[in-house]
Structures are given as structure tokens and as C-alpha cells.
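Contents: one structure, followed by commentary.
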């Protein structure tokens, strides 16, 4: 849990230190927590996911009950203060970044490392029969404002989901998808939108970027 929390915080510190919010440049980790509702919601989610782990059952009934009760109170407060709800059943990699206050609902899903989402985004289970399931989102994906990703779909690593896109089918790695339903318009990916400490040395990102702009990639 500690690794995930520190990398989540450092995503916000990175953005502040690189001029995106110059009036807050150089924020410490503590100040980043105080000033960013998205980060506050992520930290509440991390606590909830920790409490929900099966290993917590070995901590004793009283400790588990206290943890669950504390999480429920924090979760409700977080929803009121930040306008964001993240299910503890979600599996989210470290370095998660929610850009703005409000309208974010993340249910059961899998999200990789160093992903970005805007406000008014919904991600979670949907569908019926064989199509019922949860989204699986790869590493370094950027999801724009107002996007909807629901049901049994996969979004490949380094993909970019545009603002207000509705993803109903899987999207290949490095694809740029826009519209409702989403369609692929290029293979340029999210490289210009997802930034974090160490990205220049991230071998997975470098290998993906080296594949270049393949505009022939299509929604599966």
C-alpha cells in the first residue's frame, strides 16, 4: 500500500513542479494532499482497498470492524467534499491521477499504472449475459472529461480516450478513440498527456512509444 500511495502523491507533485499550476509550484507531498480533491479521493480508496483485503481478517474482528467503519465514514465525507467515488473493489495501479473535482464514479474495474482521468468520468461493470463484466484498462492511459467506459472491454496501454467518448468495444494499445460510440482516429496514443517522474527511463513506455504512429489500429 505504501508504494501505491507515494506514487499517487508524486503524480500531483510532478504536475505542480512542471508548471501546470505555477502558483503552486514546488508543493510538498503534504501540501499536495491538502490542495487536490482528486488525490484525497484516491487516498480514501487506497485505505478502503487495504481494509477489504482478505489478510485483514487475521487482524482480529475488532480491528477489522474499526477499519471498515472508518472507511465508510471517510468514503462518505470524500464523496461530499470531492464529488468522487471509487469502489474498494476496483484494482488500480500506482500513480493514479484525477485531474479535477467532481462527477467521477469508478466501480469494479482494473486500471493500470500512471493513468489519468478527467472529471465527470464513469468506469465500471455493465452488460448482460456473456457481455457482462468489468473494464480492464492498461498502463499510462488517459481518459478525457465526460468519458464512459462500461462493461467487458479492454483499453490497451498508452491509449487515449477522448472527451465524452463512450467506449463499447475494446481499444488497442496506443489508439486514440473519440466519439459515441468510440472509434479510433489515430495510433498516436497518450504520450503527450501522461507525464510522471521517471517516464524518460520507463522501459515499457519507451518501447511502446518506439512503435510510432500506427493510424491503422482499429477498435476491435
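Over its Cα atoms, what ratio of radius of gyration to 2.2 N^0.38 Å does segment 73-118 give?
1.12
At 0.36 nm per residue, and after removing the present C-alpha to C-alpha distance, how many nm does the segment from residue 188 to residue 74 gain when stretched out fully?
Working: separation 114, 0.36 × 114 = 41.04 nm, distance 3.93 nm.
Gain on extension, residue 188 to residue 74, equals 37.1 nm.
Note on the chain: antiparallel DSSP beta bridges, both residues inside, total approximately 15 percent of the bridges counted.
On a 0 to 90 degree scale, rounded to 10, what angle separates helix 2-17 from the longest Cα axis of the chain? With both axes taken from Cα atoms, the answer is about 60 degrees.
Which whole-number percent is the relative contact order of segment 103-220 (Cα, under 8 Å, 6+ apart)?
This gives 19 percent for segment 103-220.
Quick one: length gained pulling residue 131 to residue 31 fully straight, 0.36 nm per residue minus the C-alpha distance? Can you show the working numbers first?
Numbers: separation 100, 0.36 × 100 = 36.00 nm, distance 4.33 nm.
Once the chain is fully extended between residue 131 and residue 31, it gains 31.7 nm.
Extension gain for residue 105 to residue 210 (0.36 nm times residue separation, less C-alpha to C-alpha distance): 34.5 nm.
Please list, by residue number, everything in segment 61-81 whose backbone N is under 18 Å from a paramagnetic label point 7 Å out along Cα→Cβ of residue 2. Label zone hits: none. Using C-alpha pairs under 8 Å with a sequence gap of at least 6, the mean separation divided by the residue count of the chain gives a relative contact order of 13 percent. Helix 37-51 and the longest principal axis of the Cα set of the chain meet at an angle near 60°.
Any idea what angle helix 61-82 forms with the longest principal axis of the chain, computed on alpha-carbon atoms, 0 to 90 degrees, nearest 10? Approximately 50 degrees, to the nearest 10.
Against the globular-protein guess of 2.2 N^0.38 Å, express the Cα radius of gyration of segment 32-112 as a ratio, rounded to two decimals. Working shown, then result.
Numbers: Rg = 12.8 Å, N = 81, 2.2 N^0.38 = 11.7 Å.
So segment 32-112 has a normalised radius of gyration of 1.10.
Protection proxy ranking for 90-103, 149-162, using the average of other Cβ atoms within 10 Å per residue and placing the highest first: 149-162, 90-103.
Restricted to Cα atoms, segment 2-210 shows a radius of gyration and a Dmax of 17.1, 54 angstrom.
Every number in this text was worked out from the coordinates using simple rules, so none of it is lab data. In this text, all values refer to a predicted model and were calculated from it rather than measured experimentally. Cβ atoms come from the backbone with ideal geometry, glycine included; neighbour counts cover every protein chain shown.
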